[in-house]
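A.B. asks: Have a look at the structure that comes next, please.
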Amino acid sequence: MYGKEGVAVVDKSYINVGILGWGTVGTGVSKILMNQHALIAKNSGTDLNLKKIVKRTLPATREGVELPADCLTSNPAEVVDNPDIDIVVELIGGVTEAHSLIRRAIQNGKHVVTANKALLAEHGGELFQLASEHQVSLNFEASTAGGIPIIKTLQESFAGNQIHSLYGIVNGTCNYILTEMHEHSVNFSDVLKAAQDMGYAEADPTLDVEGIDAAQKLILLIALAYRSSISLPQLHVEGITNITAQEIQYARELGYVIKLLAIAKLTDGNCVEARVHPTLVPERSLLANVGGAFNAVCVIGDAVGPTLFYGQGAGEMPTASAVVADIIDAAKSVQQGVSAPISQAWLAGGQAEVGFASIDDIETRYYIRFVVADRPGVLAKIGTILGNWQISIASVIQKDPHGMDTVSLVMLTHTAREKNMRAALSQIYALEEVKGEAQLIRIEEEVAF
Ligand SMILES: NC(=O)c1ccc[n+]([C@@H]2O[C@H](COP(=O)([O-])OP(=O)(O)OC[C@H]3O[C@@H](n4cnc5c(N)ncnc54)[C@H](OP(=O)(O)O)[C@@H]3O)[C@@H](O)[C@H]2O)c1
């Protein structure tokens, strides 16, 4: 039997699912599939049968879930090459093995679900192309913001909107660290150590704290919002490792909270600004109040206006919730014979609809903190250089935490161009009274709803 576009319709009452990986997320998915089987059938009309799970090291058991006999295996071929399996769920993580297993599953005509943003950020174009050629879907809701249904929202709910901008708190580890720094006036390194001890941060936290994980998620959000692909090297990415307890305190005194934001903004001329960096957001804004390991994505569309999606961006069950939603969508594709969603055509590297702005050309407001010699006339010298580069100061406060002969000058600027700011800073650093490099943090006011 064939459905739309000649795609085979599977005429059977249940759909067989195979999972690669029985770690944190794989366990959550198996719990939902086994324990909520009847609920899923009632809600979605799909009867999902968990047929195989692959785990490297066996035997294994998990509290809270009893698997069918012969379900566990250490051989991935029993999933990806198994003619009985309709949907393959990749939850092993990493790039190399996951990449080849997903390719094999797609080539075998299986619909695929993955939570692997690192893999999609690097090989997404090629994998979506392959899925499109084989007329299967490659669903990835859990790859960005865990349990928050932001992928489906951008693909379907906001399909009639030009997305003006989006701002995401999409890395729970960074948000947890910054929230702790705000609430307890502690240093970055102390919070990171505590977060690692409690399992909120990886032993090697580089991908999180350097902003790479957030950037990988931004690549996926941009592909959906702007029908264009951007690679990691094209993005401007700054992490949170340079944020000090002082910055947090001064930002608070000025009415702001520091968040690591993944930002995409459509500017004049069909150009998108794409960047990840620590950002001052007004303390009254909803994003400022997204605390702990929670995630949130603010999307502003031309028709819908501002919207905010909030929830748990990681963890066993929230992430599994998103994976199961993707499995149900894939099951409908199997049963109804529909091919991959249309959006996957441009995820596969179709014609880009927008260009991407260089960080030099963005225009924004800035928080700047200089450490300077405590002498008359320094502020005037700095103000003159900024003025020469068309940067006007909105407010200045002087702080004295350094001891006898240096002070901090903390400034907020009006909107200025980044390349002017960099040129001004290099001249300011040449002043004998200025000690070291300034702390420079961009400000976003638009999130203030
Ligand atoms: N954890 C989260 O909160 C979260 C949130 C969003 C997205 N994700 C994404 O979800 C994916 C899975 O994350 P996770 O936290 O569940 O990982 P995890 O806890 O490390 O689990 C990985 C599982 O895959 C198995 N595995 C690894 N390589 C394998 C191979 N070559 N063959 C067979 N099995 C293999 C491991 O088996 P062994 O146990 O035997 O080694 C383990 O059971 C990643 O892409 C991650 O980025 C995770």
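A.B. asks: Once you treat every alpha carbon in the chain as an equal point and sum by Debye, what is log10 I(q)/I(0) at q = 0.12 Å⁻¹?
C.D. replies: For the chain, the Cα-only Debye profile gives -1.00.
A.B. asks: Based on the Kirkwood radius over alpha-carbon pairs, what value in µm²/s does the Stokes-Einstein equation return for the translational diffusion coefficient of the stretch 150-310 at 4 °C and 1.567 mPa s? Don't skip to the answer; put the middle values down first.
C.D. replies: Working: Rh = 16.1 Å.
It diffuses with D of about 81 µm²/s by this estimate.
A.B. asks: Now for a different question. About its Cα centre, how strong a charge dipole does the stretch 233-392 have in debye, to the nearest 20, once Lys and Arg get +1 and Asp and Glu get -1 at the Cβ?
C.D. replies: Details: 10 positive and 15 negative charges, 86 e Å.
About 420 debye.
A.B. asks: Then there is this: Post the alpha-carbon centroid distance, the stretch 263-321 to the stretch 17-84, in whole angstrom.
C.D. replies: Using only Cα atoms to place each centre, the spacing works out to 32 Å.
A.B. asks: Further, regarding this structure: I'd like the Karplus ³J(HN,Hα) series for the stretch 182-187: coefficients 6.51, -1.76, 1.60, θ = phi - 60°, whole numbers in Hz, and an x wherever there's a Gly or Pro.
C.D. replies: 5, 7, 10, 6, 10, 7
A.B. asks: Over the C-alpha atoms of the stretch 152-231, what are the Rg and the largest Cα-to-Cα span, Dmax, in Å?
C.D. replies: When restricted to the Cα atoms of the stretch 152-231, Rg and Dmax are 15.9, 46 Å.
A.B. asks: Taking the Cα centre as origin and putting +1 on Lys and Arg beta-carbons and -1 on Asp and Glu beta-carbons, what dipole magnitude results for the stretch 150-310, to the nearest 20 debye? Before the final figure, lay out the partial values.
C.D. replies: Numbers: 9 positive and 17 negative charges, 100 e Å.
About 480 debye.
A.B. asks: Take the alpha-carbon positions of the stretch 306-366, form their convex hull, and give its projected area averaged over all directions (one quarter of the hull surface) in nm². Spell out each step's value before the answer.
C.D. replies: Numbers: hull surface 32.4 nm².
Directional mean of the projected Cα hull area for the stretch 306-366 stands at 8.1 nm².
A.B. asks: Working with all protein chains in place, sort TYR176, TYR14, TYR167, TYR310 by solvent-accessible area computed with a 1.4 Å probe, largest first.
C.D. replies: My answer, sorted largest first, is TYR310, TYR14, TYR176, TYR167.
A.B. asks: Only helical DSSP H runs with n ≥ 4 go in: add -39500 (n - 2.57) per run for the chain, normalise by residue count and round the 222 nm mean residue ellipticity to 500 deg cm²/dmol.
C.D. replies: Calculated from helices alone, the mean residue ellipticity at 222 nm is -10500 deg cm²/dmol.
A.B. asks: Could you work out how far the C-alpha centroid of the stretch 118-196 sits from that of the stretch 89-115, in angstrom?
C.D. replies: First find each Cα centre; the distance between them is then 19 Å.
A.B. asks: Please report, for the Cα atoms of the stretch 76-171, the Rg to one decimal and the Dmax as a whole number; what are they, in angstrom?
C.D. replies: Computed over the Cα atoms of the stretch 76-171, radius of gyration and Dmax are 14.3, 45 Å.
A.B. asks: Cα to Cα, under 25 Å, and not fewer than 8 places away if on the same chain: which lysines meet these conditions relative to LYS52?
C.D. replies: Result set, ordered by chain and number: LYS12, LYS31, LYS42, LYS110, LYS117, LYS332.
A.B. asks: Distance between the C-alpha centers of the stretch 232-257 and the stretch 411-428? Whole Å please.
C.D. replies: After rounding, the separation between the Cα centres reads 17 Å.
A.B. asks: By its C-alpha gyration tensor, with a ≥ b ≥ c as the square roots of the eigenvalues, how is the stretch 1-133 shaped: rounded for a/c under 1.5, else prolate for a/b larger than b/c, else oblate?
C.D. replies: It is oblate, given that a/c is not under 1.5 and a/b is not larger than b/c.
A.B. asks: When only the heavy atoms of the protein chains count and the probe is 1.4 Å, how do ASP360, ASP405 rank by accessible area, highest first? The partial results should precede the final answer.
C.D. replies: Details: ASP360 60, ASP405 105 Å².
Solvent-accessible surface, decreasing: ASP405, ASP360.
A.B. asks: Right, another one. Going by amide H atoms built from the backbone, whose H comes under 5 Å of the H on THR406, apart from near neighbours?
C.D. replies: Amide H neighbours of THR406, under 5 Å, 5+ apart: ASP374.
A.B. asks: Could you tell me which of ILE177, PHE158, GLN249 has its Cα farthest along the dipole of the stretch 150-310 towards the positive end, charges placed at Cβ (Lys, Arg +1; Asp, Glu -1), taken about the Cα centre?
C.D. replies: PHE158
A.B. asks: Ignoring ligands, DNA and RNA, what percent of the accessible area of the chain is carbon or sulfur (1.4 Å)?
C.D. replies: 49 percent
A.B. asks: For the chain, what is the charge dipole size about the Cα centre, in debye to the nearest 20, if Lys and Arg each add +1 at the Cβ and Asp and Glu each add -1 at the Cβ?
C.D. replies: It works out to roughly 380 debye.
A.B. asks: Based on the mean of other beta carbon atoms within 10 Å per residue, what is the order of 136-149, 250-263, 17-30, most packed first?
C.D. replies: So the order, starting with the most tightly packed, is 136-149, 17-30, 250-263.
A.B. asks: While we're looking at this one, here's another question. Ratio of the stretch 362-442's C-alpha Rg to 2.2 N^0.38 Å, to two decimals?
C.D. replies: The stretch 362-442 yields a ratio of 1.01.
A.B. asks: Straight-line reach only, C-alpha to C-alpha below 16 angstrom: list the aspartates and glutamates that LYS419 could link to, leaving out same-chain residues fewer than 8 apart.
C.D. replies: Excluding near neighbours in sequence, the set is GLU273, ASP360, ASP361, GLU363.
The values are calculated or read from the model by the stated rules, or taken from the named source; none is laboratory data. These numbers come from a predicted model, not from an experiment. Reconstructed Cβ throughout: ideal geometry from the backbone, glycine too, with neighbour counts over all protein chains shown. Heavy atoms of the whole protein, side chains included, go into the accessibility calculation; ligands, DNA and RNA do not. Shrake-Rupley method; radii C 1.70, N 1.55, O 1.52, S 1.80 Å.
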